[in-house]
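Below: one structure, written as structure tokens.
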Amino acid sequence: AGKHTASSHRLSALVTPAGKSYECQAQQTISLISSDHQKSVQLLLSEVRVQPFDITADFVFSEEHKCPVDQREQLEETLPLILGLILGLVIVITLCVYHIHHKLTANQVQIPRDRSQYKHMG
């Protein structure tokens with residue numbers, strides 16, 4: 001069968017800022033280009049944590065840098081909560097403005113000072 005090599009022209013896999021470890025819980029697929037063009041090579045990775053550089057001690061990871069898939073999932077979890085809070089705040093502000101406007105523009109009932117005017121009420 002012989003030896004074949006696989007490489008990637010996309011250098012965006014496992015991108016991590018200096019001094020941080022790379023962490024990704026979600027499954028990722030990394031496609032590689034094979035020297036044998038009839039074969040395709042794909043790496044399926046899940047629950048990965050890698051310390052690519054600046055290792056301070058053996059078996060100790062630096063602060064993690066989440067992969068884009070995990071960041072997106074985290075945003076999908078918190079976005080409905082944020083939108084719900086904003087909507088609730090808008091409703092409360094609208095009700096307060098309506099209540100204040102209603103209080104200021106309501107016609108005040110005039111109570112007659114003279115008892116003879118009571119017969120005209122109602």
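The values are calculated or read from the model by the stated rules, or taken from the named source; none is laboratory data. Quick caveat, the model's predicted, so the values are computed rather than measured. Don't worry about glycine lacking a Cβ; one is built from the backbone with ideal geometry, like all the others, and counts go over all protein chains shown. SASA here: full protein model, heavy atoms, side chains in, ligands and nucleic acids out. Shrake-Rupley method; radii C 1.70, N 1.55, O 1.52, S 1.80 Å.
For residues that are at pLDDT 75 or above and open to solvent by 80 Å² or more (accessible area, probe 1.4 Å), scanning just the stretch 39-71, find the one that is nearest to Ala26 (Cα to Cα).
Glu47
Looking at the stretch 31-55 only, could you name the residues that are farther than 12 Å from Asp70 by Cβ and under 24 Å from the mean Cα position of the chain (by Cα)?
The answer is Leu45, Val50.
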